[in-house]
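Q: I am attaching a structure below and will ask some questions about it afterwards.
Every read-out reported here was derived from the displayed coordinates using simple, explicitly stated rules and does not represent laboratory data. For clarity, every value in this text was computed on a predicted model and none was experimentally measured. Please note: Cβ atoms are built from the backbone with ideal geometry, for glycine as well, and neighbour counts cover all protein chains shown.
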Amino acid sequence: MIWLAVLLLSGIFGWYGAGWYAPAMIGVLVGLVIAVDGIAANEFTSATFSRLAIVIASSFFVWGASRALRRYLTTAG
């Protein structure tokens with residue numbers, strides 16, 4: 001469920017033209033949630049760390065893709 005929220009928020013912020021700080025903040029907040037959850041359950045492993053990296057990378061990817069789509073759809077051609 002957290003993946004869907006991250007991708008949705010990144011896409012929305014990218015579409016509205018937010019700067020690079022929007023997906024960075026989303027990634028940091030989601031990373032904190034995943035890290036705290038892993039530490040609280042005593043299960044902070046390399047798999048948790050790789051999941052954090054994938055969440056942050058996908059956040060930037062969706063943000064960039066939505067910005068590119070917005071530029072493509074709003075330019076007169």
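Q: Rounded to the nearest 0.05, what FRET efficiency do Ala65 and Ala35 have when you use their Cβ-Cβ distance and R0 = 25 Å?
A: E(calc), rounded to 0.05, equals 0.45.
Q: Go ahead and estimate [θ] at 222 nm for the chain from helices alone: -39,500 (n - 2.57) per DSSP H run with n ≥ 4, summed, over the residue count, rounded to 500.
A: The helix-only estimate for the chain comes to -28500 deg cm²/dmol at 222 nm.
Q: Just need the relative contact order of segment 2-74 here, percent rounded to a whole number, with Cα pairs under 8 Å and 6+ apart.
A: Once normalised by length, the contact order is 49 percent.
Q: Set the Förster radius R0 to 30 Å, insert the Cβ-Cβ distance between Ser46 and Ile12 as r into 1/(1 + (r/R0)^6), and round the FRET efficiency to 0.05.
A: 0.45
Q: Hand me the chymotrypsin sites (Phe, Trp or Tyr not before Pro) from segment 3-72 located in a DSSP loop with no more than 16 other Cβ atoms within 10 Å, in residue order please.
A: Tyr16, Trp20, Phe44
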